[in-house]
1. Can you find even one residue in the stretch 6-18 that is open to solvent by 90 Å² or more (accessible area, probe 1.4 Å), within 37 Å of the chain's Cα centre (by Cα) and at pLDDT 75 or above?
2. Does the stretch 55-84 hold any residues that are at pLDDT below 75 and loosely packed, with under 10 Cβ neighbours inside 10 Å, and which are they?
Amino acid sequence: MAMERDALAESLNDLFLNLSTMVRSELQGANNHLELLEKMNLRVGEEYKEFGDVASGLRVFVEQLKSKSGSSLTRVRAADRGDRGSGGALRVRGLHARQVRVPVGIQVNSCLPVL
């Protein structure tokens, strides 16, 4: 009977040792997966931060373009409304505040002499 008991105790000891080894290896595998996931998340976070910086820079650039184009468009509209004289001619202000009447449709060159 003592031999049977020793065999049973040895079998149970082997069973629990194998079970312990199996649980330990499963936990180690899960831990390795979590460490890999953490490294991947950090890497992706860095890349998205760079994308965010680029997007922020682009937003500022687009806002600057909008303000420039808006002010240019406002000036063109104001010039179109305010500089039209009678008869459909466009008054072009030259150097020394002299005015030249140019028919609409004629290209005005910046190299025109002052009359």
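1. Taking the stretch 6-18 first, the residues open to solvent by 90 Å² or more (accessible area, probe 1.4 Å) are 6, 8, 10, 13, 15-18.
Checking the rest, the ones that are also within 37 Å of the chain's Cα centre (by Cα) come to none.
Within the stretch 6-18 (the criterion being open to solvent by 90 Å² or more (accessible area, probe 1.4 Å), within 37 Å of the chain's Cα centre (by Cα) and at pLDDT 75 or above), the answer is no, since none of the residues qualifies.
2. 82
The values are calculated or read from the model by the stated rules, or taken from the named source; none is laboratory data. Everything quoted here is computed from the prediction, not taken from an experiment. Here Cβ is always computed from backbone atoms with ideal geometry, including for glycine, and neighbour counts include all displayed protein chains. SASA here: full protein model, heavy atoms, side chains in, ligands and nucleic acids out. Shrake-Rupley method; radii C 1.70, N 1.55, O 1.52, S 1.80 Å.
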